1. Among residues belonging to the range 1-50 that are part of a loop (DSSP other than H, G, I, E, B) and modelled with pLDDT of 85 or more, point out the one that is farthest from the chain's Cα centre (by Cα).
2. From the list 80, 105, pick out the single residue that is surrounded by fewer than 18 Cβ atoms within 10 Å (Cβ to Cβ) and under 22 Å from residue 42 (Cβ atoms).
3. Pairs please, first residue from the range 33-53 and assigned by TED's automatic domain parsing to the domain that holds residue 79, second anywhere and part of a strand (DSSP E or B) and modelled with pLDDT under 90, Cβ atoms under 9 Å, 6+ apart in sequence or on different chains.
4. How do the helices (runs of 4 or more DSSP H) wholly within the range 52-170 filter down when requiring 3 or more residues that are modelled with pLDDT of 80 or more and under 28 Å from residue 35 (Cα atoms): which remain?
């Protein structure tokens, strides 16, 4: 059960256990004193995942701050955490909350539709709010794109960008 958007190439994983549950975290290479992503599974049946790496990593020329395009990671995490909870006999529906912070002034670079590429590589919007979040219900087998659609619609709206329907299916 890896953290939401963490990748093994970021420096590997380590584990922890407390009286409240257990978790997995990743660090970045030689920066072993800085946790970049973490997921915690609590004895209450909750799963929390936080990733701080992408906000720092998503920069253009180490200058222009961008909004991480990690929709696939959010979807994969939703499905994976749902399966994990079900393996512990925690039954759906699962309540999810998704959010991003530190967005004000960051630029949005949405992906291109499947089979296409973006000719204009510049940003299409800019964040005007600092925090975007939403929550809802998830049943295993539901489309993760459709389930998380309210969150991503709010994210795009906060940048003044219209979200296309195909973006919730990929």
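The values are calculated or read from the model by the stated rules, or taken from the named source; none is laboratory data. This is a predicted model, so every value here is computed, not measured. A quick note on method: Cβ atoms are made from the backbone with ideal geometry, for glycine too, and the neighbour counts reach across all protein chains shown.
1. Initially, the range 1-50 is screened for residues part of a loop (DSSP other than H, G, I, E, B), giving 1-7, 11-12, 19-20, 29-30, 43-46.
If we keep only those that are modelled with pLDDT of 85 or more too, we end up with 19-20, 43-46.
Numbers: 19: 27, 20: 24, 43: 23, 44: 22, 45: 20, 46: 17 Å.
Among those residues, the one meeting the criterion is 19.
2. Values: 105 fails: under 22 Å from residue 42 (Cβ atoms).
After applying the criteria, what remains is 80.
3. Final answer for the pair search is none.
4. On the way: elements: 53-57, 71-87, 144-157.
In the range 52-170, the matching helices (runs of 4 or more DSSP H) lie at 71-87, 144-157.
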